[in-house]
Structures are given as C-alpha cells and as structure tokens.
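Structure record follows, encoded as structure tokens.
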Amino acid sequence: MRHALRTIARMPVLAAVVVISLGAGIGINTVVFSWMQARLLRPLPGVPGGASFRLLEPRSEAGLYPGTSWREYQDLRDSLRSFRELLAFRMVPLYVGEPGRVERIFGLLISDNYFSALAVKPALGRFLRRDEVTRPGAEPVAVISHGLWQSRFGGAPDVLGRPVRVNGSDLTIVGVTPSEFQGTVLGLDFHIWLPATLAPVVVNGSKELDSRGIRGYSVMGRLQPSATDESAQGELDAVMSRLAQAYPDSNRSVRGEVLAFWQSPRGPQRMLTAALAILQAVMLLLLLAVCGNAANLMLARASARHQEMGIRLALGAQPWQIASLLLGENILLAVIGAALGAAAAVWGTRALLLLPLTGLPIRFQTSVDGLTLLFAILLGVGCGVIIGAAPAIQLAKLDPHAALRSGARSAGRSRMRNALMAVQVGLALVVLIVAGLFFRNFLETRATDPGFRREGVLLAAYDLAGRTADPALTRTLAERLLERMRALPAIESAAIGAAVPLDIHGLPSRVLTLEGRARTDGELDEALTNTVTPGYFKVMDIPMRAGTDFADLADPGAPPQAIVNEAFVERYIGSPSMESALGRRLEARGRNYFIIGVARNSLYNAFGEPPTPAIYFSYRDSPLPRGEIHIRVRGGAEAAVSADVRRVVRELDPELPLFNVRPLTDHVETNLIFRRIPAQMFAVLGPLLLILAAIGIYAVVAYSVSLRTTEIGVRLALGATARRVVGQFVRETLGVIGLGALVGWAVAFAIAMDFVGGSIDVAVFAGVPAILLFVAGIACWVPARRAASVAPIIALRQE
C-alpha cells in the first residue's frame with residue numbers, strides 16, 4: 001500500500017482523472033442503490049422486517065385495483081389462515097385545529113390491530129385498543145406522529161389525554177408514534193391515526209363501514225412460517241370466489257392478488273420500482289463504461305513502466321507479484337474513488353426528498369448506512385480489478401531482457417489497447433443512446449397533447465369535510481364560489497371538479513350498466529369517473545364531439561346527467577357516430593343518468609396510457625364536500641390571480657380551508673417526475689461520459705504516437721506530408737473506434753427493439769453515434785497533429 005501511494009503520488013493528474021470519474025460513477029450508483037434499498041429492503045421505516053409484508057389487492061375485470069371495502073377486509077381477516085394477522089388502513093386528508101387556524105394534514109383510518117401487527121412500539125402513551133375499533137363513532141381517540149407532537153404540542157409530555165380538533169370533532173390523544181415511523185404507504189408521511197370506525201364522524205357521515213361497494217382500504221399482513229405466496233394466493237382465490245357468489249353486486253367481477261409490498265399497484269409507489277430498477281441497470285452500465293476508460297488510461301501508463309518491471313523481474317520477482325503490485329495500485333485508486341462517491345452519495349440520497357409532488361406529504365428516509373457503504377466499497381474493489389487487470393496481465397508477462405532494451409514493444413500490447421478502446425467506445429455508445437432515449441422520451445412526453453389545454457389554468461383545492469354533509473349546502477357553496485370567481489376581471493371562466501387529470505393518485509373508477517348493452521359473461525363494464533360543474537370543459541378546453549354541457553347548478557328540473565368520452569362510445573356502444581350515445585341511460589353508483597354529451601378523449605392517469613373510457617357526472621346531481629377549483633386566467637398569468645382567489649374564498653367563508661394552489665402546468669409536471677429524474681441525470685452524465693471517452697482516446701493515441709516517433713521522423717524526412725501522417729493515425733484509430741461503436745450500436749438497437757417494440761428514434765440512433773465519432777475524431781487528431789508538426793530531425797533525435 002505504501003508503494004501504491006507513492007506510485008499514485010507520481011501521477012497526480014492521471015490519478016485525479018481516474019478518482020473523480022470513478023467517484024462520480026460509484027456515487028450515482030450508490031445513490032440509486034440507497035433508493036432501491038429504501039424501496040425493497042426497508043420500505044416501512046420504523047417497522048421491523050417491513051419488506052416481509054404481503055399486500056392483498058382486489059383486482060377488477062378491467063385490470064384496476066380499487067382497494068378493499070371494510071366489510072371485505074373483515075371477511076378476509078376471518079377466513080385467511082395463511083397470514084399471521086391482517087391489518088387494514090385507508091389514507092384520508094384531515095383538518096386539524098380550531099376555526100381560523102386549521103392545518104391540513106394526512107392521516108390513516110386503521111384497524112384495531114394496525115400497530116400490533118406492525119410490531120411498532122409507542123414513543124409515548126399507548127396505541128388503539130380492540131374495543132375502540134368496534135362500534136362506529138364510539139371512541140373519539142387518536143394517535144399522533146412524533147413530528148406533529150413536536151410541531152403542534154411542543155413535545156409536551158402531558159399531551160396524552162389532551163383534545164385535538166379533527167374535521168370539526170374533538171378527539172383525545174392516546175399515543176405518539178416513534179420518530180422514524182411514518183405510516184404504511186411508501187414515501188408518504190402521515191401525522192395522525194384514527195380508528196376506522198370514526199369514518200362516519202370525520203368523513204361526512206361516510207357509509208363505508210357498511211357498504212361493500214365503497215372501496216379504498218389497503219390490506220396487508222405477514223405470511224405464516226409454513227405458508228408460501230402460492231398457497232396464500234390459492235387460499236385468497238377460494239375466499240374471493242365465495243365472496244363473489246355471496247355478494248354479486250360488489251364482488252362479482254373482483255378477484256384478488258397476493259403481492260409483495262414493493263409491488264403495490266396503487267399510490268405513487270406503483271411507478272417507482274420499475275423506474276429505479278432500470279435506472280440502476282443503466283447506471284451500472286455507465287460505471288462499466290467509465291471503468292473501460294480508466295483501464296485504457298492505466299494501460300497506457302503501465303506501458304511507460306516496462307523498464308521498472310523488467311528490473312523487478314530480473315531481480316527475481318515472480319509474475320504474480322508484479323500482477324498483485326499493479327492490482328493493488330489500481331484497487332487503491334478505485335477505493336479512493338469509492339470513498340469520494342460515498343461522500344457524494346450522502347448528499348445525493350437526500351435528493352429524492354426534493355421531489356415536487358404537489359399536495360402530498362412526501363418523506364423518503366434514505367441514508368448511506370452500512371449496507372450502502374459496503375455496496376460502494378464492493379463497487380470500488382470491482383472497478384479496481386477491472387481497470388487493473390489489463391496492465392497487470394501486460395506487465396506480468398514481460399520478458400525482462402526485452403523490457404530492459406529501450407524502446408522494445410510487442411504487437412500484442414497494441415492489440416490490447418485497441419481492444420480496450422473498442423470496448424470503452426461500445427459501452428459509452430450504449431449508455432449515450434440510452435441517455436438520449438430517456439431524454440427524448442421525456443421531451444416528447446412533455447410535449448404530448450394531453451387532450452386539454454394546460455397553460456393558463458390555476459388550480460386550488462378546498463374541503464368541507466367535517467363541517468357539513470348536506471348536499472344542498474355543498475351545492476350552494478359551489479354555486480356562490482363560482483359566481484364570485486367568474487366576476488373577477490382577470491378570470492375568463494371557472495369550474496369545479498372532484499379530481500384533476502394526471503394526478504399522482506389517478507381517477508376513481510366505477511362499474512356501470514349501459515342501456516342497450518347486455519353482457520352474457522356475467523361481468524360488469526367499468527370506466528374512470530370525475531364529477532364536474534358546468535363550464536368544466538370550457539375551462540379545460542376539451543371540445544365536445546356531440547351533445548351539450550351540463551345543466552346549470554341551480555336548475556332543479558333536468559334529470560341526472562352524464563357526459564362520456566369518445567373511448568366510452570367506441571368500447572361500449574361500438575359505433576363510430578358519437579351521436580349514438582346521446583339519450584342513452586346508464587346506471588352507476590346506484591343511480592340512473594342520461595348521457596347528454598360526448599367529450600374528446602384526454603389523458604386521465606398517466607402519459608402514454610391507451611384511450612380509456614371515462615364518465616363525467618354533474619356536480620349538480622352529486623355535490624361533493626371536496627373540490628378542485630379550475631380557473632382559466634386571461635393572459636395566462638396564473639400566479640397573479642392566486643391572491644384574488646384566496647381573498648374571495650376568505651370573504652365567502654373565513655373557515656373554508658383553501659390549499660394546494662398551483663398552476664395546472666405544475667400539476668402536470670408532477671406526473672412526469674419519474675421521467676424527469678433519469679432525464680436530468682443523463683443530461684449531466686451523458687456529456688461527462690463523452691468527455692471521459694475523449695480523454696481516454698486522446699491518452700491512447702498520444703501514447704501510440706509517442707511509440708512511433710522514429711517512424712514519423714523517417715516518413716517526414718522522406719517527403720511525407722504532415723497531413724498524410726495525421727490522416728493515417730486518425731484512420732487507424734477511427735477504424736478501431738468504429739468497430740466498437742458498431743457493436744455498441746447493435747446492442748443498443750437490440751435493447752430498444754426489445755423494450756419499445758420496434759419503435760426506434762432515428763434522431764437518437766443516428767445523432768448519438770455521429771457526435772461520439774466526431775468527438776473521437778478530434779481526440780485522435782489533436783495528438784497526431786502535434787506529433788506530425790515536429791521537425792523530422794527533432795523526431796529522429798528523440799528516439
């Protein structure tokens with residue numbers, strides 16, 4: 001090690017290039033690994049063995065995961081023997097505080113065994129008792145988070161027994177969770193846990209405790225020691241079949257799946273695993289390309305140490321000792337790079353905390369722990385072996401007599417340098433093409449027409465939960481709110497919707513029965529739904545293909561109305577004529593509606609989704625306590641009217657909580673977050689890899705030129721032009737580079753064909769190789785031009 005340190009000190013520039021490049025590659029891989037670790041190995045902070053939990057997810061015929069009803073959870077809990085204990089929970093927004101000082105937080109409605117099944121111990125007080133989750137609304141108790149205890153109650157030890165006002169009801173605090181515990185939805189941070197039996201109290205008289213058609217609960221548990229995923233799935237299939245026979249109205253088309261916790265199909269986590277897995281694979285490929293570059297640099301450096309190693313061999317050193325000496329130097333370099341990368345990863349692991357997921361309580365607990373540090377060290381050792389193998393093999397096989405003769409070189413060493421350079425270029429090209437595809441995909445997706453006009457719309461959410469369950473009062477408030485909004489000079493139009501398209505949660509779905517459509521298979525049709533006020537389609541600039549908009553909110557005479565999209569007509573009516581849907585009756589949510597219009601298709605849950613049937617219900621027919629105000633602003637200055645919107649709401653109802661005020665463009669950008677992260681990474685790492693490849697090519701060509709100084713001098717003395725000499729070096733090098741690039745291009749092409757199914761981005765597959773070959777050409781030309789510009793007599797004397 002002392003010798004390795006002295007050797008490294010004698011080549012500071014080369015060592016710095018290798019350490020920094022490896023540090024960047026290992027650092028980014030360590031960051032992604034820490035995210036993967038938080039996703040797969042420690043998905044539930046504060047829960048021992050959180051990764052061992054299995055989710056029980058009902059799945060509809062349409063492939064959607066609507067969640068479990070409370071009654072269904074009780075049936076599963078009583079029937080399934082493959083699980084030690086099944087717990088249930090449901091995410092719900094809550095409003096904590098006295099009138100005028102209300103704070104919006106997120107909480108969970110939970111089963112009585114929630115904390116005991118998780119094996120979580122309270123930091124203060126106790127958790128829920130079984131008798132507190134038995135009768136609806138019987139026990140007004142709450143468990144709060146450590147963070148809420150500190151921020152709202154100052155960490156006072158006498159918080160137990162104190163009241164906390166939640167959605168207008170006074171609840172008694174009975175316990176505080178540990179600081180690291182944040183709930184059971186990956187990445188979301190919850191601050192209050194309530195008995196599920198309080199749902200009718202805090203969710204406007206909700207009927208979810210009795211109705212099997214109201215879903216939304218998540219159910220999970222640990223397997224019994226003797227159970228397997230296959231046996232648990234078989235038992236779940238049998239139970240769900242019995243429920244389908246016993247309760248056909250709610251369970252006829254519902255099946256069940258046993259999934260690992262990281263496979264959760266609902267919530268923001270459903271998109272994260274695949275994105276992280278692909279990102280980790282590509283980052284490892286990038287690190288391999290960096291190793292190829294470093295290996296070529298170290299091989300060029302090793303060629304200058306022939307005499308040193310020849311002397312060692314002549315004095316009795318064994319080849320394995322020479323190899324171990326070279327490997328030790330390179331492993332030490334790589335471990336130093338790994339240390340630098342691990343230090344960078346300490347900062348990088350926190351980058352995920354900055355995801356702009358508007359309106360969600362994001363908290364990712366990622367850190368560089370012992371396992372992550374071990375991963376970084378192993379990467380460093382592996383990189384050291386990779387970059388040190390070629391020079392170790394080269395110098396260990398030296399003939400000491402030939403090595404002591406100045407200038408003696410073998411053709412084999414040139415072939416090894418060329419092979420490494422070809423491999424380096426091929427790997428770099430694969431990574432650069434993948435980077436280009438990610439970046440182009442992000443840009444193209446961002447430019448995709450979502451079916452509505454996102455520019456110039458301001459969104460603001462409000463919630464009457466806990467204040468009133470009267471539909472008439474809710475409808476009146478919405479009517480007055482829109483009337484005041486539309487009166488503002490800066491506002492062109494305004495509407496209210498129950499949800500916003502491209503939300504991280506996705507739109508809810510409902511089963512339906514359509515007049516004139518009979519199904520012989522016994523299954524039900526299903527479509528995404530949204531509840532909106534008249535004027536919604538004007539605000540969103542969604543054209544009507546047929547029919548008209550909803551009746552006015554104050555119109556009591558019109559029957560219940562629905563507007564469907566083009567995909568609904570094509571799938572369930574099977575007619576190219578949009579007018580064929582008008583006047584038909586559909587039944588959903590236990591009520592009959594008449595279709596009065598057909599709207600153009602738009603995106604609802606995610607970019608890239610296929611055309612999906614959707615139904616818009618009228619807010620007049622189904623007023624909701626929660627809503628998203630959609631405001632079309634004149635001139636597109638959304639931020640300028642946010643203060644006016646807040647003022648109008650405050651004047652209308654000082655206690656009405658208004659939150660999550662943001663432009664629709666920002667909301668849409670949130671849906672792109674898992675495409676933007678890799679695109680931004682590659683925007684930085686792509687040029688860095690291109691620079692490293694150029695440095696490696698330059699070093700190899702410069703060294704090759706230095707070995708042929710006499711040849712260059714002789715050729716120039718005999719009349720060869722500098723241009724011809726330079727051209728020969730460039731052609732020889734580009735031949736090797738072109739071969740490696742061709743292989744890399746073929747690999748990237750095969751990967752793209754496999755993943756995207758034959759859709760190839762011509763600009764990326766043509767542009768990236770052209771840029772790489774251009775940079776490589778310059779890296780070849782510069783050292784060759786410098787050598788050819790030396791006077792022949794000087795070149796001959798140097799040899």
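The values are calculated or read from the model by the stated rules, or taken from the named source; none is laboratory data. What you see is a predicted model, and the numbers here were worked out from it, not measured in a lab. Here Cβ is always computed from backbone atoms with ideal geometry, including for glycine, and neighbour counts include all displayed protein chains. The area values use the complete protein model at the heavy-atom level, side chains included, leaving out ligands, DNA and RNA. Shrake-Rupley method; radii C 1.70, N 1.55, O 1.52, S 1.80 Å.
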For this session: Would you kindly find the accessible area of Trp262, with a 1.4 Å probe and non-protein molecules such as ligands, DNA and RNA excluded, rounding to the nearest 10 Å²?
Result: 100
Problem set entry | Derived scalar couplings ³J(HN,Hα) [the range 653-658; Karplus, 6.51 cos²θ - 1.76 cosθ + 1.60; whole Hz; x for Gly, Pro] | 7, x, 9, 6, x, 10
For this session: May I ask you to evaluate 6.51 cos²θ - 1.76 cosθ + 1.60, the Karplus curve with θ = phi - 60°, for each residue of the range 234-243 and list the ³J(HN,Hα) values in order in whole Hz, giving x for glycine and proline?
Result: x, 5, 5, 4, 5, 5, 5, 5, 5, 5
Exercise. About its Cα centre, what dipole magnitude does the chain give when the only charges are +1 on Lys and Arg Cβ and -1 on Asp and Glu Cβ, stated in debye to the nearest 20?
Worked result: 3140
For this session: Assuming R0 = 22 Å, can you tell me the calculated FRET efficiency for the pair Glu103 and Ala640, based on Cβ-Cβ distance, to the nearest 0.05?
Result: 0.25
Problem set entry | Probe 1.4 Å, accessible area per residue of the chain, Å² | 42
Exercise. Relative to the present Cα-Cα distance, how much length would full extension add between Trp320 and Arg81 at 0.36 nm per residue of separation?
Worked result: 80.0 nm
Exercise. Hey, what's the Kirkwood Rh for the chain if you take every pair of different alpha carbons, in angstrom?
Worked result: 30.8
Exercise. How big is the gap, in Å, between the Cα center of the range 1-70 and the Cα center of the range 659-734?
Worked result: 28
Seminar exercise, completed: In this structure, the FRET efficiency calculated for Ser706 and Ala343 from their beta-carbon separation, with R0 = 25 Å, to the nearest 0.05, is 0.10
Seminar exercise, completed: Under 14 Å by backbone N from the virtual spin label 7 Å along Cα-to-Cβ at Arg786, the residues of the range 688-714 are 695-707
Exercise. In nm, to one decimal, how far is the modelled label at Thr548 from the one at Ile393, with both set 7 Å along Cα→Cβ?
Worked result: 8.1
Exercise. Let a ≥ b ≥ c be the square roots of the eigenvalues of the Cα gyration tensor of the range 150-205; is it rounded (a/c under 1.5), or, if not, prolate (a/b larger than b/c) or oblate?
Worked result: oblate
For this session: Round to the nearest 0.05 the FRET efficiency obtained for Ile760 and Ile278 when R0 = 22 Å and r is the Cβ-Cβ distance.
Result: 0.75
Exercise. What nm value, rounded to one decimal, do you get for the distance between Leu371 and Arg129 when each label is placed 7 Å out toward the C-beta?
Worked result: 3.8
Seminar exercise, completed: Rounded to one decimal in nm, the spacing of the 7 Å Cα→Cβ label points at Leu688 and Val714 is 4.5
Seminar exercise, completed: For the chain, the percent of accessible surface on carbon and sulfur atoms (probe 1.4 angstrom, ligands and nucleic acids excluded) is 59
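Filter the trypsin sites (Lys or Arg not before Pro) in the range 1-108 down to the DSSP loop ones having no more than 15 other Cβ atoms within 10 Å, then list what survives.
Sites meeting the loop and neighbour criteria: Arg10, Arg81, Arg101.
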For this session: Please give the peptides 473-479, 760-766 ranked by average Cβ packing (other Cβ atoms within 10 Å per residue), highest first, as a rough proxy for protection.
Result: 473-479, 760-766
For this session: Could you please put Asp78, Asp463, Asp229 in sequence from largest to smallest accessible area, using a 1.4 Å probe?
Result: Asp78, Asp229, Asp463
Exercise. Once fully extended, how much extra length lies between Thr513 and Val747, figured as 0.36 nm per residue of separation less the alpha-carbon to alpha-carbon distance?
Worked result: 79.3 nm
